[in-house]
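The values are calculated or read from the model by the stated rules, or taken from the named source; none is laboratory data. Every value quoted in this text rests on a predicted model; they were computed, and no experiment measured them. Methodologically, a virtual Cβ is constructed for each residue, glycine included, from the backbone with ideal geometry; neighbour enumeration extends over all protein chains shown.
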Amino acid sequence: MVEQASSSAAQLAAGPDGAPMGWRLALRRAAGRLAALAAIAVLSGCASAPPVASLERSVAHAPRPDGLLAAEESRILAQEGLGQSGFVLLEANQEALDWRLAIVDAARHSLDLQYYVWFGDDVGTLLMLRVIDAADRGVRVRILFDDLNTMLRDMAHVELRDGFLASISRHPNIEIRVFNPWRDRSLPGRLIDLAVEFGRLNRRMHNKQMIVDNRVAIIGGRNIADEYFGLNRDFNFHDLDVLGVGPVARQASAVFDRYWNSGWVGTIPAVAGVAAPLTVASRQAEVARLLSKPGLQRAVATRGARQQLFASLPDRLAGGSSSTHADAPTPAQEHRNQVSSALRALMGTARRELLITNAYIIPDPEFIDELSQLSARGVTVRILTNSLSSHDVPAVNSHYQQWRIPILKTGSLLYELRADPMMRSTVVEIPPTRANCVGLHTKALVVDREVAFVGSMNLDPRSEFLNTEMGVVIRSARLAGELARRMDRDMGGENSWKVSLDPGGNLRWRSDAGQLDDQPARNALQWVENFMFRFFPSDLY
């Protein structure tokens, strides 16, 4: 029976059985992949058009003189010059959450949010309630989700999710759209859709960004869920975003508008019995319930701390120029996505050093050839990715592992994150949260400590050819140098395994924890998954 949208946000956030979020996350990922694999047998191989109606076109508001950080943008213009923006890396999960809440709470005119995953867990619910508060103040809110996992906490809440979002979209200042929507939104209907239209549904919007008043943007790799902000008791991510003030926000808005007005975007359908949006009193009660949790008490900064965030910003902003890249919403037939092409072109400009941190790497011969060319020119290449032990998707590791030796033979240095890195206490987790393990979710690159890339794109076939991605290239020696120093730290033995070949050509893993003759793993199940997924297509992951 369809649950009614009058259910509280607390009902949305709660799972049906109280199981740890890590189990639900694992089940969601496993279910999605198994359904995809089952669908392969009946594929037609073509990507049909999504089932969407023509929607009213809208574009980002022009920045107003009284918009958020307008004075700071003027200062950047005077100090750095025309076209320059100011940037701050958001690496620590605590700070990444603080800044999102801070700019949403301070929004005055417009708020645009574009995300691949936004779960209905503690962080997702809290941020959504703050977004509704902004709309209550008169802020125009546009929210664009990918429709694969929109607001899910677990598969039992598919119908509740749609009802909750439909109720929010009734707010006069909020509009919600979804990318590449399902025809039948029930769980059985989704499985049928997947079998019949796999070619279309296999293309997902992997972009992550939020833009406030068309002056401030956060772009990067984080989805909206507990594990991306150090608050999951089972598994937390080491991730990265960048906050930008200035023209970079207009670049991000252009990306948002392109998707928002595309033919691949639809609306949440009407749901029977949908109530009006949650009252102010009920939302305040839900926020109070969330903030009674020890982890969120520590995670959510007080109003005074938020004021300090803004007060310290001028000294922290690194000036630089930017170019924001995004793939077309409509799939390009038989061509690499635009972000992938831009990123690989940027790699080729390295003269001295190339640093890559990327969570999910499944190379191809062309990538190996590019690394060889860089090495032949005397460029030092260092790469950090997940180890099997730190992976949340062992299927990726099962296709990556065959490329370790080819990567090392190019002369590149290869590192894999430990599941127990030292920096977890300062960067990843928010006390008192202490998860079972840490995984890498960052997608970043630094060229010659002068140019940096931060975005959503993995170095794998799905990101290169199937999903849409976005990211920002920032030309700022100060920002690039800071990011490079953080990469140096992450590649150290207290945080990562250095992978190498011994004289006999065998792989070895060495860190401060010692040396291993085989890849590290958390448990036997990872070994089983690593073996099984070798036999399935790599572009599913």
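Taking the criterion of being surrounded by 21 or more Cβ atoms within 10 Å (Cβ to Cβ), outside any helix (DSSP H, G or I) and β-branched (Val, Ile, Thr), the residues of segment 242-267 that qualify are 242, 245, 265. Filtering segment 428-464 to residues that are aliphatic (A, V, I, L, M), touching a Lys or Arg at 6+ places or on another chain (Cβ under 6 Å), farther than 15 Å from residue 229 by Cβ and not in a loop (DSSP other than H, G, I, E, B) leaves only 451.
Only one of the numbered conditions (1) outside any loop (DSSP other than H, G, I, E, B); (2) surrounded by fewer than 18 Cβ atoms within 10 Å (Cβ to Cβ) is violated by residue 493, and that is (1). If the condition is being crowded, with 20+ Cβ neighbours inside 10 Å and not in a loop (DSSP other than H, G, I, E, B), then segment 328-341 contributes 339, 340. The combined condition, being at pLDDT 95 or above, surrounded by 24 or more Cβ atoms within 10 Å (Cβ to Cβ) and not assigned by TED's automatic domain parsing to the domain that holds residue 88, is fulfilled by residue 455. Among the numbered conditions (1) touching a residue at least 60 places away in the same chain (Cβ under 8 Å); (2) more than 23 Å from residue 340 (Cα to Cα), the only one that residue 415 does not meet is (2).
Would you call residue 479 in contact (Cβ under 8 Å) with a residue 12 or more places away in the chain and surrounded by 15 or more Cβ atoms within 10 Å (Cβ to Cβ)?
Values: in contact (Cβ under 8 Å) with a residue 12 or more places away in the chain: yes; surrounded by 15 or more Cβ atoms within 10 Å (Cβ to Cβ): yes.
Here the answer is yes, as residue 479 does meet what is asked.
The residue that is modelled with the lowest pLDDT, among those in segment 114-140 that are under 20 Å from the mean Cα position of the chain (by Cα) and over 20 Å from residue 300 (Cα atoms), is 117.
Does segment 375-393 contain at least one residue that is closer than 22 Å to residue 468 by Cβ and not hydroxyl-bearing (Ser, Thr, Tyr)? Yes, segment 375-393 contains at least one residue that is closer than 22 Å to residue 468 by Cβ and not hydroxyl-bearing (Ser, Thr, Tyr). Given the condition surrounded by fewer than 22 Cβ atoms within 10 Å (Cβ to Cβ), modelled with pLDDT under 95 and either out of contact with any Asp or Glu (no Cβ under 8 Å at 6 or more places or on another chain) or more than 29 Å from residue 510 (Cα to Cα) (or both), answer yes or no: does some residue in segment 345-358 qualify? Within segment 345-358, not a single residue is surrounded by fewer than 22 Cβ atoms within 10 Å (Cβ to Cβ), modelled with pLDDT under 95 and either out of contact with any Asp or Glu (no Cβ under 8 Å at 6 or more places or on another chain) or more than 29 Å from residue 510 (Cα to Cα) (or both).
Please tell me if residue 297 is touching a Phe, Trp or Tyr at 6+ places or on another chain (Cβ under 8 Å), closer than 27 Å to residue 423 by Cβ and polar (S, T, N, Q). Criteria not met by residue 297. Determine whether residue 373 is modelled with pLDDT of 95 or more and in contact with a helix residue (DSSP H, G or I) (Cβ under 9 Å, 6 or more places away or on another chain). Answer is no for this residue.
Are there any strands (runs of 3 or more DSSP E) wholly within segment 48-154 with 2 or more residues that are crowded, with 20+ Cβ neighbours inside 10 Å and of a type in the set (Gly, Ala, Ser), and if so which?
Numbers: elements: 85-90, 110-115, 140-146.
Answer list for segment 48-154: 85-90.
Restricting 388, 354, 371 to residues that are part of a strand (DSSP E or B), among the hydrophobic types (A, V, I, L, M, F, W, C), within 20 Å of residue 498 (Cβ to Cβ) and in the same structural domain as residue 497 (by TED's automatic domain parsing) narrows the list to 354. When segment 443-493 is limited to residues that are farther than 15 Å from residue 323 by Cβ and among the small types (Gly, Ala, Ser), the one that is farthest from the chain's Cα centre (by Cα) turns out to be 493. Residue count for segment 347-401, restricted to those that are closer than 24 Å to residue 477 by Cα and free of Cβ contacts under 8 Å to residues at least 12 places away in the same chain: 0.
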